[in-house]
Every structure is written in C-alpha cells, then in structure tokens.
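First the structure, in the form of structure tokens, and then the observations on it.
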Amino acid sequence: MRRFDIPPRPDWPAKVEKWGLTYHTPGGQPYWYESAYYTLDDTDVERIENATNELHRLCLETVDDLIRTRQIAEFGIPEAAATAMIEDYKGPKGHLYGRFDLAYDGESEPKLLEYNADTPTALLEAAVVQWQWSQDRFPGSDQFNSIWEALVARWQALSADGTLPGKIHFAHSDSDEDLLTVSLLRDTATSAGLRSDGLLMSDIGWNSDRNTFVDAAEAPIRKLFKLYPWEWLVREDFGEKALLPDMRSIWIEPMWKMLLSNKALLPILWQRYPGHPNLLPAYFDEPGDLTDFVRKPLFSREGDGITVVVEGVTQEETPEAEMGPAGFEPRFVYQAVAPLYWTVAGAAVIGSWVVGDESCGVGIREADGWITTDTSRFVPHLIQP
C-alpha cells in the first residue's frame, strides 16, 4: 500500500458530476480528492478481502447466537424493538450490503474499526466515480472494485429466492448524498430486472383501513429499502407501525442489521473471539488495561463524539452531534488505538464493501488526523500492476 501525489484532471468537477457526485467540494473543502491516489498490491487485496469475509462471518455468527439466546440488552435497543427483532428473526438472510471500516497499515492484518451494515454511504464514490477516474487517468488499469456487479447479482439472488415482490420502494432522507446513494441502488436493481419507486422517508404514509404503509399515491409498500437508521426509526412514532407483525418483513435492511451498526458489537466480538488477528481489544464503559484507546458512543455516526487518547493524553476529539430522536442511552465503548496507515496528509482508513456475504471492493478515506468524519477526503486507488 502506497500513496502518490498526482495532478488532478483539469476538468475533474465536471467529470465527477457527470457520474452523479455533486457533493465533491462541501463548504469549499475537497471531499473527492484526486490530487493523490493509493496503490494496493496483490498481497494487500488478499489481506483485505480475507479479513472482510472473516469479519462478516464472525458478525453473522454473533448476531445469530445473540438473538437466538435473547442476549441483546447491551445494545440499548428499546424493548419493543428488541422483542420484535427476536420474534421475527429467521436467520441472517435477506440482507443487501454493508461496509467495514478497517485500519490497515500495509504490513499487519487489517483490524476492524466498525461495521456499518445498516446505512452505509460513500457507495457512489467507491463503486462508480473512482472506477471512471481510473479508466480516464490510467486506461486499462485495475482496481479492487466489483461493487456494481455484486449489487446487481445480489438483487437477482434476492428476487430468485422469493424475498422480493414485484416492486421495491426506495426511501431516503432529504440530502444529496442519500439521494444519490439510493439512485445507484435503484439503478442496480433495475439492471437486475426489478421495478422500483423512489420517495422520501417523510412521504411514507400509513393507511389505517388497509393496515399498511403507503407511498404518496396511496399504493401499498410491499418491500422498502430505507437509507435511514434503524436506531432512529424504532424511537419514532412511525416506528411503532414498523414493528407490527405484518410489517416486520418489508424492510431492507432487515431489523437485525441494527445490531451490526451498533458500537456494542465491538466489545462483544472481542469477548467472543479474544486475540483474533482482525479484531482490536474493546470494552464496555471503561478502557480496562488500555493506555491508548478510542472512546466511541454506542450510536455514534460519521465520527461524532469520538475521543482518541494516547499515553493518557487526548490527541483528538469530535463533538457529539444530534443523533436522531430522543432516547439514546449515553453509553460508551473503549477500543484499542489501531495501526493506521499514516502519511504527511494524515491517516487513511479502508472502507471495505460486502454485498450479500462476499467482499467486493474498497474505498479509501483520508483524514487530516486520527478521526475519519463525513467530510474526510475520498481518495481513489489502483491495484499495482
């Protein structure tokens, strides 16, 4: 793994906007960053791919065991949602995609930072924009990126096994990034032969006479992909309807995915698989024997509320943001500081994508310091020839 500086394409804003990336320079600061690129060799790709598949396997085994034994109290999920999840659970299936955030220094085994398996974004950048950059800037080059193809195949598999009805609704919050993420997912579903409608989360209604969710045209919603966090949904009035027995099966991602996007997963994995080469030591409520640690809120999103401590000194921290409706438990986990890949530009984190149950590509985010946030730079990559 190496980082190289390179002059950006003179017309790069128009080129990335052509592929949908309109939020490339928020507040005048670069988010899409092609003044540099990373290279991965075959060993890097093999390590990341193997670690991703292994971590996904451990996560599914853990979720399956915790739900079947009803041991999910540590996740801070409201009682009604926990009960509904347990009653509805039929094994870890019906899911679409997820993104592991991995620390990888180019030498040791990749380490799990967290798993966003419910509402992962930076998908357009990873699946499409960096691929178009590579073919424009380095024609014929290769990249660790089969995300688009994997999504099409996954939709086909879900359709073939009867998980999907004739049409899927795709819902999202009112933001450009969420709209474009959902648009990409709709495009892959269309490529898989499925029909879809799009709408905002705020446009979803409830028809009391038919006891079902409906879209703005009063058409019933039989299957709904929602780019909206489960931990928000179950704490809203809207969420009461989502937990009704007849409504529990309409969701992509399924309800059990909220366990994988919760930071409680980190110490639970460490308890179950202590010393695993792809895990970092992690604990509930206090750092234990860690002198270098990262404190994370259970429901932290996009780097909010994170504190990094090395040798007893706070290196960096981010403020806690408004994380949805009231009712979030103010609880923290403590995770060992990871061996990040550092350059003069800052620290790089690997976003490793899983579609279905298989690793299928990466995007690399670059922060000035320790903490990756929603505005940290997305830097494209190549596989070193």
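Could you compute the FRET efficiency for S108 and D289, with r as their C-beta to C-beta distance and R0 at 22 Å, rounded to 0.05? Please report the intermediate quantities before stating the final value.
Working: r = 20 Å, r/R0 = 0.93.
Once the sixth-power term is evaluated, E becomes 0.60.
Before rounding to the nearest 500, sum -39500 (n - 2.57) across all DSSP H runs of length at least 4 in the chain and divide by the residue total; then give [θ] at 222 nm in deg cm²/dmol. Working shown, then result.
Numbers: 9 runs with 100 residues, N = 385.
One gets -8000 deg cm²/dmol as the mean residue ellipticity at 222 nm.
Expressed as cubic angstrom per residue, what is the convex hull volume of the alpha carbon set of the chain?
138 Å³
So how much slack lies between S202 and D368, counting 0.36 nm per residue of separation and subtracting their Cα-Cα distance, in nm?
Numbers: separation 166, 0.36 × 166 = 59.76 nm, distance 3.55 nm.
Extra length available between S202 and D368 comes to 56.2 nm.
Within region 250-268, which residues have the backbone N less than 12 Å from the label spot 7 Å out from I86 along Cα→beta-carbon, could you tell me?
No residues fall inside that zone.
Distance from the Cα centre of region 202-222 to that of region 247-321, in angstrom?
36 Å
What's the magnitude of the charge dipole for region 246-357 around its Cα centre, counting Lys and Arg as +1 and Asp and Glu as -1 at the beta-carbon? Answer in Debye, nearest 20.
Computed charge dipole of region 246-357: roughly 340 debye.
Could you size up the charge dipole of the chain around its Cα centre, putting +1 on the beta carbon of Lys and Arg and -1 on that of Asp and Glu, and report it in debye to the nearest 20?
880 debye
Report, for the chain, the % of DSSP beta bridges that are antiparallel, rounded to 5.
The antiparallel fraction comes to roughly 75 percent.
R0 = 41 Å: FRET efficiency of A73 with D42, Cβ-based, nearest 0.05?
Once rounded, the FRET efficiency stands at 0.40.
Stretched out fully, how many nm does the piece from A157 to T25 gain, at 0.36 nm a residue minus the Cα gap?
Working it through step by step, the gained length comes to 43.9 nm.
Under 14 Å from the 7 Å Cα→Cβ point of D357, by amide nitrogen: which residues of region 54-74?
Under 14 Å, as judged by backbone N against the label point of D357, lie 54-65 of region 54-74.
Using 29 Å as the Cα-Cα cut-off, could you pick out the over-long pairs in K90/K223; K15/K257; K111/K257?
From the list (K90/K223; K15/K257; K111/K257), the Cα-Cα distance tops 29 Å for K15/K257.
Treating each Cα of region 143-298 as an identical point scatterer and ignoring solvent, apply the Debye formula and state log10 I(q)/I(0) at q = 0.13, 0.16, 0.18, 0.20 Å⁻¹.
-0.76, -1.00, -1.12, -1.24
Quick one: grab Rg to one decimal and Dmax as a whole number for region 266-385, Cα atoms only, in Å.
Every Cα atom of region 266-385 included, Rg and Dmax give 15.6, 51 Å.
In terms of the ratio Rg/(2.2 N^0.38 Å) built on C-alpha atoms, what value belongs to region 39-160?
Working: Rg = 17.6 Å, N = 122, 2.2 N^0.38 = 13.7 Å.
This ratio for region 39-160 stands at 1.29.
Subtracting the Cα-Cα distance from 0.36 nm times the residue separation, let me have the gained length for F138 to D11 in nm, one decimal.
44.1 nm
The numbers here are math on the coordinates, done by the rules we state, and not lab data. These numbers were taken from a predicted model, which means no experiment stands behind them. With ideal geometry, Cβ positions are generated from the backbone for all residues, glycine too; neighbour counts draw on all protein chains shown.
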